[in-house]
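The values are calculated or read from the model by the stated rules, or taken from the named source; none is laboratory data. Every value quoted in this text rests on a predicted model; they were computed, and no experiment measured them. As a convention, Cβ positions derive from the backbone with ideal geometry for all residues, glycine included, and neighbour counts pool all protein chains shown. Only protein heavy atoms, including side chains, enter the accessible area calculation; ligands, DNA and RNA are left aside. Shrake-Rupley method; radii C 1.70, N 1.55, O 1.52, S 1.80 Å.
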Amino acid sequence: MAIHAWVPSLSLTIFHRYIDPRSSGARFLFVLCLLLVTLTTSRAQTPAQQYVYGSLGGPPPSSVAGFSKASQTGALSLVPGSPFSERLEGGLVAIDGQGKFLFVLNPTSNDISMFQINQASGALSEVPGSPFAVPPTVNPSLAPSQPISITAEPSGKFLFVGYFWGDYLGYSTVAELAIDTSGLSPILRTVGSFGSVGAPVQLLTDSKGLHLYVGLGIGPSGNPVGVGGAQVYSIDDSTGVLSYRGMAAFFPSFGLNYAIDPQDRFFFLQGGDVGDVMSCIISPVDGTANTCFPIYYFGILNSSAGIVVESSGHFLYIPQGQSVAVFSIDQTTGALTQVASVSGVFSGKGSFVADPMGPYIYSAGLTISPTVHTYQVDQQTGGLTEIPGSPFNPGTVCCQGLAISGNPVQAISGPAATIFPSTAATFAATAGTSSATQVFSIVNIGNQLLAINSISIAGTNPTSFSQTNTCLATLTPNANCSVSITFNPASVGTFTAGLRIADNAPSSPQTLLLSGTGVAPVAAVTFSPATPSFPATTQGTSSVAQTLTLINSGTGPLHVSSVSLGGPNPSDISFTNNCMAPVSPAANCTISLVFSPIAPGQRTASLVISDDAPDSPQMVTLSAIATPAITAAGTTAQNVAAGQTANYTLTLNPGNGFSGMISLACSGAPLGATCSVPPSVAVGTPFTVSVTTSGASHALLPYSNFPRVTRTPLLFALCTFVLCLLALLTVGNRVPQLRSRRLAWTGALATMLFLAVITSEGCGGMGATPIQQIVTPPGNYILTVTPSATNAANKPLQLPAIQLTLNVSP
């Protein structure tokens, strides 16, 4: 803090506390002190003269144009002696934070020219030993080359330079340089370096010099994916050594241009090949920027130009060829809204800069005509108006690099506190339990000691929130401490309160709004493992039991009402349900699963659990591979003549772990043939399948084979004769004279008829007739032997049938 910021109040305090204000001498001393303070304050508040420098660039020798800036109007006037010779090719430029030195990159010579700035006139003089080259650091055999970015920090002690080619092939490098003024003449001294896959296309530091931002683009590897965003490094204020802290605005594509809000609140990135822009909130704790807003898409832009934020931090400017898109910056979130487009503004990368101490923007282009333009920023709309007298003639071709001296006036003088993040996410917890903890940082963003008097929870429902913290009684400038807050609702409902920080900052107390929702207990189900894995198992056998753990990941008790199987092959799985009792929150129960496949191949099923969780029923997919229970081996084809028997010798070889008896059946035998198999066989035991065919032969057809139509008339005649005979006998008995003669004739005739019938019925009547027997037709036939078996649960196995080929010849 400057002396003028605290001397008046200190003098007044001393006067009232230690001097009698009623004495005339005391009053005289007080007036004298105030006069001295006023003179001191006036001198301290007089801003230093600002200068603008532009580097020509190109084949050596090059030159640097110098301008003095009028603080009230922003107008430029040439520095006496301008342009100044730059013996090498020149390029991008940077001014140290104290405005004492100008640095010019020489991209071909791979070094840095260093000029001392005359504070009174702005004239440049190259220091002895200039230019300075960065030697090999990490790799002793290779020095970095092709410098592409440069920046200084506010203290004026350090300079940082980015190189496209680093200490190792495929890597880029950022070099840390100390501005050493301890000797007879100033020099640049290399402190160290570090490598990067992405190229350091732009380097920036915050207004306090706490952090360096390395904006990444496409590097030597040429792969643009994942090299958008900036690496964030803390700067050791005594050595300049950098320490990695994280990322700012990580971008899915490559980065082009970067900018920082002058108040160090927001970080901006323009990336990709269509000018997409991202804005992120900078953490005052470590400088990282991971809270970002959605990418703003607004079409193809001039990717070669830079982007800048004007000194008030209200507007961002993005060049588009010969026009500039103007975006307003939300002062709380950093979100961007395009508000205007200003035409006729030409700019190039490294030659489009904002005045850190006034509402002006300077631009230049590498043209022969005077091209240094000054634009005044409209503080209400963000519009740009070229000031009278602009453009200003640099006296030479200009400019490939442009820089303006001056540091912004420290906006915060004295102790100042901020809470980061500035908003809290809504807490949620089950009634009677505690939520996840949210952590916030209290940061002293002022330049004096911050005294923390108290940290408390206040508001409507203070008892529903609790806090613990790491804060001591005081925080030094830029230091921070953390506060951890937990939500503890006693019932269902919405609760509000505020974190209250009482301190010695003018804005005390700082307050962070807290809001939480207490919810009713509810069960939730998760499984471990999410998908059980079974080993390959032979059909007809069973796998080792697999344990599925059901976890109640909710906040209320879980009641499992049923467990069942579904899906394509539910018969292949069996289970034991151990989840019969209620499952408390964070507790678990198990279900034991056994894979007992009845068919080979990929087998799937679903375990369905019904319970009182909101997403009931839950379904767990079960999948496993089953190998065959048996594999047939042996002879499966035979050739025979009709009338012969074909024999097939087969063996049913068992799969891994399978044993037992297999029942057999045979089908498909051709006409006149029979197939016979053993009713059952043990696996691994050979057996025979026999197929007997029929051949050609002759035979007499027996009586019984004659048609009924031949035998029936004969039997009818015999019956008629018998009836007649009985009638004659009856009559003869009544007439004795005729009895003997008739009886003789009747007996003879009956005998003849009886012999005729007997001969006809027993011998065929008309003699024996030869016939043709059934013969197996010649051809190729397929017979099927069907094995069958059951598993231990008496479920039938789906066993493969055995196909036998039979070739019958005549």
Sorted on mean Cβ neighbours within 10 Å (highest first), peptides 508-520, 465-477 come out as 508-520, 465-477
Under a 1.4 Å probe, counting only protein heavy atoms, SER422 has an accessible area in Å², nearest 10, of 80 Å²
So VAL544 and GLN798, fully extended at 0.36 nm per residue minus their Cα-Cα distance, gain in nm 89.3 nm
Contour minus Cα-Cα span, ASP236 to SER667, at 0.36 nm per residue, comes to 145.9 nm
Sorted list, accessible surface of protein heavy atoms, 1.4 Å probe, largest first, for LEU203, LEU78 is LEU78, LEU203
PRE zone check, label point 7 Å out along Cα-to-Cβ of ALA425, amide N under 14 Å, scope segment 517-532, hits 517
Any residue on another chain or 5+ positions along whose placed amide H is under 5 Å from the amide H of LEU88 is listed here as SER62
Ordering THR496, THR371 by the accessible surface of their heavy atoms, 1.4 Å probe, largest first, yields THR496, THR371
Share of Cα-Cα pairs in segment 576-691 beyond 19 Å, whole percent, is 66 percent
Highest mean packing first, using Cβ neighbours within 10 angstrom, the peptides 674-685, 85-96 sort as 85-96, 674-685
Note to self: C-alpha centroids of segment 519-533 and segment 121-136 sit apart, in Å, by 68 Å
From the Cα centre of segment 93-109 to that of segment 651-697, the distance in Å is 98 Å
The answer for VAL519, listing residues at least 5 apart or on another chain whose modeled amide H is closer than 5 Å to its amide H, is ALA429, THR430, ALA431, GLY493
Here the relative contact order (percent) of segment 446-594, from C-alpha pairs under 8 Å and at least 6 apart, is 18 percent
The lysines whose Cα lies under 28 Å from the Cα of LYS69, excluding any fewer than 8 residues away in the same chain, are LYS100, LYS157, LYS208, LYS349
Over all pairs of different Cα atoms in segment 587-630, the reciprocal of the mean inverse distance gives a Kirkwood radius in Å of 12.6 Å
Expected vector for segment 538-548, Karplus 3J(HN,Hα) from phi with 6.51, -1.76, 1.60 and θ = phi - 60°, integer Hz, x for Gly and Pro, equals 6, 4, x, 10, 10, 6, 5, 4, 9, 9, 9
Nearest-0.05 FRET efficiency for ARG189 and ASP378 at R0 = 56 Å, using Cβ-Cβ distance, is 0.80
Taking a probe of 1.4 Å and leaving out DNA, RNA and ligands, segment 159-309 shows per residue an accessible area in Å² of 36 Å²
Length-normalised contact order of segment 411-533, Cα under 8 Å, at least 6 apart, in percent, tallies to 32 percent
Computed over segment 419-471, the relative contact order (Cα-Cα under 8 Å, seq sep at least six) in percent reads 27 percent
Ranked output for segments 137-143, 624-630 by mean other Cβ atoms within 10 Å, highest leading, reads 624-630, 137-143
Taking only protein heavy atoms and a 1.4 Å probe, the highest-to-lowest accessible-area order of ASP612, ASP167 is ASP612, ASP167
Note to self: C-alpha centroids of segment 396-444 and segment 598-616 sit apart, in Å, by 51 Å
The percentage of the accessible area of segment 617-671 (probe 1.4 Å, all protein chains present) made up of carbon and sulfur atoms, to the nearest whole number, is 52 percent
Nearest-0.05 FRET efficiency for ASN453 and THR332 at R0 = 35 Å, using Cβ-Cβ distance, is 0.85
